[in-house]
1. Only Lys, Arg, Asp and Glu count, each charged at its Cβ (+1, +1, -1, -1), so figure out the dipole size of the chain about its Cα centre, rounded to 20 debye.
2. Could you pull out every residue, at least 5 positions away or on a different chain, whose amide H is within less than 5 Å of the one on GLY13? Hs are placed 1.01 Å off N in the peptide plane, and Pro or chain starts have none.
3. Viscosity 1.002 mPa s, temperature 20 °C: Stokes-Einstein D of the range 217-293 from its Kirkwood Cα radius, in µm² per second?
4. Mind scanning LYS120/LYS304; LYS59/LYS155; LYS79/LYS257; LYS7/LYS144; LYS80/LYS320 and naming the pairs with a C-alpha gap bigger than 24 Å?
5. Taking the Cα centre of the range 217-293 as origin, sum charge times position over the Cβ atoms of Lys and Arg (+1) and Asp and Glu (-1), and report the length of that vector in debye to the nearest 20.
6. Amide H of LYS199: which non-local residues (sequence gap of 5 or more, or other chain) have their own amide H closer than 5 Å, using H built in the peptide plane?
7. Residues of the chain: accessible area per residue at 1.4 Å, in Å²?
8. Would you please state the base-10 log of I(q)/I(0) at q = 0.08 1/Å for the chain, with intensities from the Debye formula using one equal scatterer on every alpha carbon?
Amino acid sequence: MSEQENKKIIFSGIQPTGTFTLGNYIGAVSHWGKLQDEYNCIYSIVDMHAITVRQDPVKLRQHTLEAYALIMACGVDPKKSIAFIQSHVRTHAELNWILACSTQFGELSRMTQFKDKSAKHPDDINAGLFTYPVLMAADILAYKADLVPVGVDQKQHLELARNVAQRFNSKYGELFTVPDAYIPKVGAKVMSLQDPEKKMSKSDENPNACIYILDEPDVIIRKFKRAVTDSDSVVRYAEDKPGISNLMSIYSVITGKDYASIEREFDGKGYGDFKLAVGEAVADHLKPVRDEFARLMADKAYLKECYTAGAQAALNISRKTVAKAYRKVGFVDSM
Ligand code: AQP
């Protein structure tokens with residue numbers, strides 16, 4: 001990343017908990033590349049967040065490398081942005097502790113992701129799952145990010161990061177930038193293809209519920225054909241048609257067409273034609289991502305070079321913030 005002081009800073013992260021879904025792509029990662037010229041962008045594969053849910057260590061290592069290659073395949077250029085793996089940069093864990101001491105138990109208890117994930121993993125409601133939003137605040141505040149591109153599901157965590165930043169600043173004096181969410185207008189919450197009341201999630205146990213961005217074209221088309229819709233057969237965006245509305249928002253983001261022109265395009269045609277069109281459009285759109293991913297994964301040495309340089313650049317920025325935070329809370333200088 002070139003040091004351009006006048007540009008705003010963007011931070012965003014993604015967990016290496018599996019291959020990215022179309023939800024991760026449309027809601028977050030597809031925007032990352034486009035933001036690189038206008039902003040100073042910092043992107044992270046947040047492996048420390050991933051272990052709040054039990055992971056197979058071998059798979060986590062593999063998914064982390066793949067996630068790094070995937071963000072590049074989706075448009076992140078490590079020469080324009082800082083792109084790194086979270087556990088490589090010690091300052092995230094250091095700042096996490098400082099911020100944890102400015103976060104209230106009550107506010108963490110209100111986080112819906114904690115409630116959802118504890119219900120999903122009742123045998124492993126660990127402290128890390130509870131304090132996940134504090135680490136996320138550290139990720140963002142360490143770089144004094146102005147903007148955080150996220151899907152709607154992360155809005156509550158971002159609000160908490162804002163509160164923690166403000167609380168720290170008023171207790172100890174100005175240090176952190178209070179970040180704003182950067183939420184896409186369409187596609188901020190892509191829903192499951194099998195249960196359109198639920199968001200599409202990497203870790204969904206039903207593979208038909210998600211489009212993974214590395215799925216083969218025939219798999220993508222088949223999953224869209226099986227998508228749950230309603231008993232009506234009119235392609236129309238409406239609150240009482242969550243399945244069709246979800247497919248319409250996906251089609252709209254991928255093709256750039258608005259809802260009115262999609263309704264005209266499929267006027268008099270059934271759901272079958274529409275689902276096929278969505279499947280084909282998504283499969284075509286993702287082809288270059290799949291090709292670039294395969295090319296990058298074949299060159300592990302280059303990936304390593306990129307994530308090593310990214311971690312060094314991230315550390316250079318964030319250690320200054322952590323050093324200031326340590327001073328402000330009253331820790332004695334170590335050297
Ligand atoms: N369905 C979605 N629609 C729009 N945006 C989404 N995001 C996630 N799901 C959708 C956005 O993707 C970014 C990275 O998310 P993450 O991996 O850090 O965590 P997550 O939100 O918990 O994503 P998943 O896919 O649901 O992962 P698992 O299954 O492991 O919990 C975020 O910006 C998020 O808003």
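1. The calculated dipole for the chain is roughly 820 debye.
2. SER44
3. 169 µm²/s
4. Exceeds cut-off: LYS120/LYS304; LYS59/LYS155; LYS79/LYS257.
5. Result for the range 217-293 is approximately 240 debye, rounded to the nearest 20.
6. For LYS199, the qualifying residues are SER192.
7. For the chain, the per-residue accessible area is 47 Å².
8. -0.40
The values are calculated or read from the model by the stated rules, or taken from the named source; none is laboratory data. This is a predicted model, so every value here is computed, not measured. Note that each Cβ is placed from the backbone with ideal geometry, even for glycine, and that neighbours are counted across all protein chains shown. Quick note on the areas: whole protein, heavy atoms, side chains included, nothing else; ligands and nucleic acids left out. Shrake-Rupley method; radii C 1.70, N 1.55, O 1.52, S 1.80 Å.
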